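One structure below.
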Amino acid sequence: MEEKNFSEHDKAFYKDGYRLGAYAKSEESEAKLFEAISSMYKGIDDLIYSLLEMAKRQGISIDCKKGCAWCCKQAVFANSYEIHYLGRHIEKSFSEADKKTGIERSKSKNDKTTSLNEKEILNFKADCPLLKNEACSAYEARPMACRIYLSQKVSTCIDFYKNPEDENSYPALLEFPLKAGRMMNEGFTAALKENGIMTAEFRLEEGLLTFLQ
């Protein structure tokens, strides 16, 4: 999508992502890249917090909370730099036993999803390799797709999980954070590409398996 077709909000988030992507390439270092990714995640997290506070004041229900993990049982896609960031977090923070479990679970899920077409992948339901006791074991470093997923009705998430092939069944998600996160990632990716750094999108289990092995 060309920038001229962006809304004003889209342009603002795209430019924020682009600025951070340009900063990440200002020096050839992993530290700079990770600092930029961390800043991008903090920006979207702050936005989510503001939305939650506003929803609370206005009496609008947001059902997402720790222990509710229906969204962690469906397809998640992440850019290569997000996988890099997540993988380094796992290497530094996980015990050897937890790393081994993460690799085994990633392999198990990837074996099932690697031969599926796009529609089948979106309909496939299985736990994320990083899900532990119905919570994310790498929450601090989770990808953008996980951060911007806010549902107003958990019942719609459950129905989407149980009836993935029903085209009329989908979670009641807030649109604003979805678009904001996507625009930031698009801007970040565009800046990297302009500086000769190509990125790719992976299924989370595919990316984790590749990085951790």
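Structure above, values below:
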quantity	calculated
The lone exception for residue 134 - which of (1) closer than 21 Å to residue 43 by Cβ; (2) of a type in the set (D, E, K, R); (3) in contact with a Gly (Cβ under 9 Å, 6 or more places away or on another chain) it fails	(1)
Test: residue in the stretch 194-202 that is surrounded by 17 or more Cβ atoms within 10 Å (Cβ to Cβ), within 14 Å of the chain's Cα centre (by Cα), modelled with pLDDT of 95 or more and not β-branched (Val, Ile, Thr)	yes
Options 126, 172, 190, 145; residue that is surrounded by fewer than 18 Cβ atoms within 10 Å (Cβ to Cβ) and in contact with a strand residue (DSSP E or B) (Cβ under 8 Å, 6 or more places away or on another chain)	172
Filter pass, residue 142 being touching a Cys at 6+ places or on another chain (Cβ under 8 Å), closer than 26 Å to residue 210 by Cβ and basic (Lys, Arg)	yes
Residue match in the stretch 93-103 (condition: at pLDDT 95 or above, basic (Lys, Arg), over 15 Å from residue 65 (Cα atoms) and in contact with a strand residue (DSSP E or B) (Cβ under 9 Å, 6 or more places away or on another chain))	no
Any helices (runs of 4 or more DSSP H) falling wholly within the stretch 1-109 and containing at least 1 residues that are closer than 16 Å to residue 140 by Cα and in contact (Cβ under 8 Å) with a residue 12 or more places away in the chain	30-57, 80-93
Cross-chain or 6+ apart pairs with Cβ under 9 Å, the stretch 191-213 first and over 17 Å from residue 142 (Cβ atoms), then in a strand (DSSP E or B)	199/79; 200/79; 210/202
Any hit, the stretch 147-158, residues being within 30 Å of residue 33 (Cβ to Cβ), in contact with a Phe, Trp or Tyr (Cβ under 7 Å, 6 or more places away or on another chain) and in contact (Cβ under 8 Å) with a residue 60 or more places away in the chain	yes
Test: residue in the stretch 21-29 that is surrounded by 12 or more Cβ atoms within 10 Å (Cβ to Cβ) and touching a Gly at 6+ places or on another chain (Cβ under 7 Å)	yes
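The values are calculated or read from the model by the stated rules, or taken from the named source; none is laboratory data. This one's a predicted model, so the numbers in the text were calculated from it and none came from an experiment. All Cβ positions, even for glycine, are placed from backbone atoms using ideal geometry, and neighbour counts span all protein chains on display.
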